[in-house]
Amino acid sequence: MAKLDEQRRANRVSVRLVTHDAVGDYPLTLINLSTSGMMLSSPRALRVGDTVQVDLPQIGNTAAEVMWHDADEYGCRFFAPIPASVVDDAARRTRSNMPHPVEAPRRRVREVRTERDDTRSLVVLCLFLAFVVVLFYSLQAILGS
């Protein structure tokens, strides 16, 4: 058990590589990778104890056992540790596949309304309502006479 805990402590590197299961030929997305295992996302439901074979950079098909799962994410342990150079290469490929930031077109900034603008609008509304009330009572007085 101590050896398993030691393997789990291997440095994990975040990756985003799309590969496939060599047996079922369905897509897999590697989320993180270490020399002892990986976390992946799969559209196909996997069970603890299942074996997956993923196509890794430099070494090709590599077998791993599903150790745990949460929704469509799976933690897997390699049957044999992989070289650190494979992990480094996967991280490099992830960085090179990330889109470079593109400057968004500049949008016209909308004017910010202030409390003073709101107060002015409220005063105008009150004056309009006062005018309507005066007009109403004036018409009522004229027509009532």
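A compact table of results
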quantity	calculated
Test: residue in region 48-70 that is among the small types (Gly, Ala, Ser), under 24 Å from the mean Cα position of the chain (by Cα) and not in a strand (DSSP E or B)	no
Test for residue 51: is it of a type in the set (Ser, Thr, Tyr) and out of contact with any Asp or Glu (no Cβ under 7 Å at 6 or more places or on another chain)	no
Residues within region 5-43 that are part of a strand (DSSP E or B), farther than 12 Å from residue 77 by Cβ and either modelled with pLDDT under 85 or of a type outside the set (A, V, I, L, M) (or both), tallied	14
Within region 44-81, considering residues that are polar (S, T, N, Q) and under 21 Å from residue 93 (Cβ atoms), the one surrounded by the most Cβ atoms within 10 Å (Cβ to Cβ)	62
Only listed residue being part of a helix (DSSP H, G or I), under 30 Å from residue 52 (Cβ atoms) and modelled with pLDDT of 90 or more, chosen from 85, 96	85
Members of region 45-62 found to be more than 19 Å from residue 18 (Cβ to Cβ) and not β-branched (Val, Ile, Thr), listed by number	47, 49, 50
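The values are calculated or read from the model by the stated rules, or taken from the named source; none is laboratory data. None of the values given here were measured: they were computed from a predicted structure. In this analysis, Cβ positions are derived from the backbone assuming ideal geometry, glycine residues included, and neighbour counts consider all displayed protein chains.
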